[in-house]
Amino acid sequence: MKPVVAIVDYGLGNLLSVKLACELVGLHACITFEQNEILAADAVVLPGVGAFGDAMAALERLDLVVPLREVATSGKPFIGVCLGLQLLMTESYEFGKHAGLDVISGSVVRFENPVDPRAPLKVPQIGWNQIYRPRHLSSSDYLSATDLWTGTPLESLDEGEYMYFLHSFYAKPEDSDMVLSVARYGNIEFCSSLRYGSIYAFQFHPERSGQKGLQVYRNLSAIIARSK
Amino acid sequence: MKGVHFEGLRVLGKLERFAHHYYENGADELIFMDAVASLYGRNSLLAIIERAARQIFIPLTVGGGLRTLNDIRNVLRAGADKVAINTAAVKRPEFIREAAESFGSSTILVSIEAMRKPDGGYEAYIEYGREKTNVDALEWATRAAELGAGEIMVTSINREGTGTGFDLELTTKVVESVSIPVIAGGGAGTLDHIFQIVEQGRADAVCVASLLHYKAFREFELKEQDFAGEGNIDFISRHSAHYRMEGASILQIKNYLLNRAIDCRPYHNQAGDN
């Protein structure tokens, strides 16, 4: 029996593409806002594109805040994509200050233009960018048998793989050990994906990142199958 | 390299074929512009988007005749990531703010079609280049960004489809006046045009149409008997009379840019298991 993935529908984001990517890699995916379906699934995907405050308001209206916190800390694979990653954090500074799901300590901040006016940062970041392992790893870690990305959704991807980004804000987890990959925009190095327990979250859109993005979904499918 | 802009393709059912071809051959994003929205009808467009979404896993922007928040919502639900708006926004600028608030700024691309005026200024046009507005295109770009647009695509009506190159001045002026990404559209005829609009024009992305379609058409024509004689060939013959364009592939474009130190996603053939 195929693992069942619940894709949370709170009204924002290209949910169909997430569903199609899941199905392509052998998962049974349902788009839903029903609490019981989300709690019963083998894995949950929290997607989204849009404003943080609106998203939290929608989740509250749908009575999904508590269930999502529950699933995210239950040991079941919980996958955040783009806004979904940001919602896991404590708070965001988008259009004021808003509380998030607070599953991961940290805040969400905007890309600020760097000081040099000759090279202004275009915000939102819209386009392809490269992901890397976090730099705080020592070189011996790079050479060690257990690579940081092994066993994660980024397994088998190249250092510097191109992924598709579409966002104005980025997350800053307090615990840097949670950062699975970084990316650079202007002179800002930011968290492009993170892991925490059974949570994997991506600032980029793997379902919009071509074959390499589908590889992320393929890896997720394996992780979900193993966790059942 | 940003995307492939489908213009003038009159045959339903072949759009997905092109989308899939470009996806597999290295396109970074696709833009479907339903230039004759009334001809296709809304339902056909949604069906096309859904079918395309099944095969392509790169971002898809859809535009053409989107007038209400519901139009946008339907298109996004059908599998599009972003929408391009022009006419509706010029007629009622608050529409940009409403759309950005409902769906997120990064979902809203404002498309500006600009006609160069005799005095050297640029005027924005609507209805896919058919109707003038007396609105200054550069002022409009600034305003659109202020209202919450996530991206602007600026196309020179004078240059579009001609293969004579982008309007460098128009592009740089828009790039300098907004802090959101700007896509240069319309006019690419050679690889060097694309390089110049990025290098000198400082465009964040490039939208290419005729340059790619011509070559792609010829590939399909050679491979598929049923492709000929469906009106597409007429379109290409008419346009190719404007210029002697060899056409180019995405691979060629990307290699040209990479060889000149322009950062873009290198070509990887995407033909895989889907």
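The values are calculated or read from the model by the stated rules, or taken from the named source; none is laboratory data. As the structure is a prediction and not an experimental result, all values here were calculated from the model. Because the Cβ atoms are built from the backbone with ideal geometry, glycine has one as well, and the counts that use them run over all protein chains shown.
Count of the range A:8-26 residues, restricted to those that are within 14 Å of chain B (Cβ to nearest Cβ) and touching a strand residue (DSSP E or B) at 6+ places or on another chain (Cβ under 6 Å), is 6.
If I filter the range B:156-164 for residues that are small (Gly, Ala, Ser), more than 14 Å from every other protein chain (Cβ to nearest Cβ) and in contact with an Asp or Glu (Cβ under 6 Å, 6 or more places away or on another chain), do I get at least one hit?
The initial filter retains those residues of the range B:156-164 that are small (Gly, Ala, Ser), namely B:156, B:161, B:163.
Filter again for more than 14 Å from every other protein chain (Cβ to nearest Cβ), leaving B:156, B:161, B:163.
Then drop every residue that is not in contact with an Asp or Glu (Cβ under 6 Å, 6 or more places away or on another chain), which leaves B:156.
Yes: the range B:156-164 contains one or more residues that are small (Gly, Ala, Ser), more than 14 Å from every other protein chain (Cβ to nearest Cβ) and in contact with an Asp or Glu (Cβ under 6 Å, 6 or more places away or on another chain).
Here A:Ala21, A:Ala40, A:Ala6 are screened, and the one residue that is small (Gly, Ala, Ser), surrounded by 16 or more Cβ atoms within 10 Å (Cβ to Cβ) and out of contact with any Phe, Trp or Tyr (no Cβ under 9 Å at 6 or more places or on another chain) is A:Ala6.
Name, by its number, the condition in (1) more than 14 Å from every other protein chain (Cβ to nearest Cβ); (2) over 24 Å from B:Tyr128 (Cα atoms); (3) at pLDDT 75 or above; (4) in a helix (DSSP H, G or I) that does not hold for B:Arg218. If we test B:Arg218 against (1) more than 14 Å from every other protein chain (Cβ to nearest Cβ); (2) over 24 Å from B:Tyr128 (Cα atoms); (3) at pLDDT 75 or above; (4) in a helix (DSSP H, G or I), just (3) comes out false.
Counting the residues of the range B:127-144 that are of a type in the set (Ser, Thr, Tyr), over 11 Å from B:Asn86 (Cα atoms) and either in contact with an Asp or Glu (Cβ under 8 Å, 6 or more places away or on another chain) or at pLDDT below 95 (or both) gives 1.
Within the range B:102-142, the set of residues being surrounded by fewer than 17 Cβ atoms within 10 Å (Cβ to Cβ) and part of a helix (DSSP H, G or I) comprises B:Glu139, B:Thr142.
Would it be correct to say that A:Leu166 is more than 12 Å from chain B (Cβ to nearest Cβ), under 18 Å from the mean Cα position of the chain (by Cα) and at pLDDT 85 or above? Working first, answer last.
On the way: more than 12 Å from chain B (Cβ to nearest Cβ): no; under 18 Å from the mean Cα position of the chain (by Cα): yes; at pLDDT 85 or above: yes.
Taking the combined requirement at face value, the residue does not satisfy it.
Residue-wise test of (1) polar (S, T, N, Q); (2) at pLDDT 95 or above; (3) under 15 Å from the mean Cα position of the chain (by Cα).
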| residue | (1), (2), (3) |
| --- | --- |
| A:Met1 | no, no, no |
| A:Lys19 | no, yes, no |
| A:Gly26 | no, yes, no |
| A:Ala40 | no, yes, no |
| A:Ala43 | no, yes, yes |
| A:Ala51 | no, no, no |
| A:Glu60 | no, yes, no |
| A:Val66 | no, yes, no |
| A:Val71 | no, yes, no |
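In the set A:Arg195, A:Arg184, which member is surrounded by fewer than 23 Cβ atoms within 10 Å (Cβ to Cβ) and in contact with a helix residue (DSSP H, G or I) (Cβ under 7 Å, 6 or more places away or on another chain)?
A:Arg195
Restricting the range B:156-182 to residues that are within 17 Å of the chain's Cα centre (by Cα) and among the small types (Gly, Ala, Ser), the residue that is nearest to B:Asp192 (Cα to Cα) is B:Gly165.
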